[in-house]
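Engineer: The structure's right below; bear with me while I get my questions together.
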Amino acid sequence: MLTLTQTLTDYPVSLLRAIADARGLQSLVHAATPAALAVELSAALADPGSIVDAVERLPETAQTLLAALVQAGGAMTAPSFARLAGEVRQGGPAWLAREQPWLAPINAAEVLWYQGLIGRAFATVGGETGDFIFVPVDVLAWLPSASVTTGASLQLPLAPAPGTVHLSSYRLALDAGTLLAFVQNNEVMQDPTGRWRAADLAALNQQLLAPLPEASLKGAAGAAGAAGAGAAGTAGAADGGDGRGGCGDRLPQPGTSPGLVADARRPAASAGDAGAQLAASAGAGSSPCPLAGLACLHRVGRPAPRARPAL
């Protein structure tokens with residue numbers, strides 16, 4: 001992760017002085033510019049004696065939280081950290097001057113934050129990209145390793161490794177955006193069974209953050225098509241067959257723009273069709289496809305303009 005200097009570089013002067021005040025280092029920092037002040041303060045915070053003294057003066061809850069962070073390797077996703085300790089309140093210079101939160105922190109996270117023992121950054125750690133709370137490396141080196149108590153414990157057999165692993169983060173949202181953009185920018189058609197054409201599905205699959213193996217895509221033949229046909233009939237009946245809504249809208253309807261459906265036997269595909277097919281391609285017993293939740297999206301297209309009445 002980052003050093004103290006790298007962590008403090010982007011901090012405003014008001015926050016740097018708040019951390020110096022919380023650690024009792026006001027007399028060691030005199031610079032006026034943010035960059036110079038960050039260098040001075042990081043040098044003072046990285047002093048081994050100052051680190052040991054700061055950790056010893058922490059309340060028990062903050063010491064426990066810091067030990068958990070160290071045991072996790074020195075970094076933890078921000079949501080996981082917040083579930084353990086709560087959020088650090090954020091505010092501008094006026095808010096810091098008025099509230100002085102380092103004098104009365106509301107949780108253990110704020111204690112560690114204003115002591116300069118943790119930082120926050122958007123990074124990639126262990127193959128996962130996201131918002132992380134971390135201990136700066138020049139502080140981590142002087143912290144005691146978290147002790148692990150050994151004793152009698154319940155022994156459980158190891159579970160088999162999953163066939164497909166999807167890392168938590170923002171991948172679902174990003175892949176959903178990729179899917180919608182693909183349908184909007186490409187002429188995606190369905191085959192007579194209601195499935196995406198193999199070439200279109202493969203092209204979309206290669207643009208996802210974690211594409212499915214090609215063998216999985218080929219092995220899903222028939223399953224998603226049958227499911228899509230059944231869903232189409234059910235939704236069509238529920239909609240009254242008027243073609244104006246639901247996942248059953250599969251055939252061109254009166255008033256539809258000619259550019260929306262190129263062939264009455266092969267209507268334009270929807271984003272939901274791709275989600276259903278990729279979900280089927282993931283295979284039984286594996287992790288669910290990240291696009292499975294899009295299986296009921298309506299067909300992407302624009303309605304045809306209405307004809308003007310004759311005068």
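Every read-out reported here was derived from the displayed coordinates using simple, explicitly stated rules and does not represent laboratory data. Bear in mind that the values here come from a model prediction, so they are computed numbers and not experimental data. Quick reminder, even Gly has a Cβ in these numbers, built from the backbone with ideal geometry, and neighbours come from all protein chains shown.
Engineer: Based on C-alpha coordinates, I'd like the Rg and Dmax of the stretch 81-134, in Å.
Structural biologist: Values for the stretch 81-134 (Cα only, Rg and Dmax): 12.7, 41 Å.
Engineer: Taking H as built 1.01 Å from N, whose amide H comes closer than 5 Å to the amide H of Gln115, not counting residues under 5 places away?
Structural biologist: Long-range HN contacts for Gln115: none found.
Engineer: Which ³J(HN,Hα) values, rounded to whole Hz and listed in residue order, are derived for the stretch 123-128 from phi using the Karplus coefficients 6.51, -1.76 and 1.60 in 6.51 cos²θ - 1.76 cosθ + 1.60 with θ = phi - 60°, glycine and proline given as x?
Structural biologist: 8, 10, 10, x, x, 10
Engineer: Now for a different question. Give the relative contact order (percent, whole number) for the stretch 49-133; include only Cα pairs under 8 Å separated by 6+ residues.
Structural biologist: 32 percent
Engineer: Given H placed on each backbone N at 1.01 Å, which residues far from Gln190 in sequence or on other chains put an amide H within less than 5 Å of it?
Structural biologist: Ala269
Engineer: Roughly how far apart, in whole Å, are the Cα centres of the stretch 101-116 and the stretch 15-46?
Structural biologist: 16 Å
Engineer: Follow-up question, since we're still on this one. Treat each spin label as a single point 7 Å out from the Cα along the C-beta direction, and report the Leu174 to Ile106 distance in nm.
Structural biologist: For Leu174 paired with Ile106, the spin-label model returns 3.2 nm.
Engineer: Quick one: if you stick a label point 7 Å off each Cα along the C-beta vector at Ala94 and Ser27, how many nm between them?
Structural biologist: Between Ala94 and Ser27, the simple spin-label model gives 3.5 nm.
Engineer: Additional query: Over 18 Å, how big is the tail of the calculated P(r) for the stretch 23-127, in percent of all Cα pairs?
Structural biologist: Here the tail beyond 18 Å accounts for 55 percent of pairs.
Engineer: What are the residues whose amide H is under 5 Å from the amide H of Val125, where those residues sit 5 or more places off or on another chain and H is modelled from the backbone?
Structural biologist: Gly130
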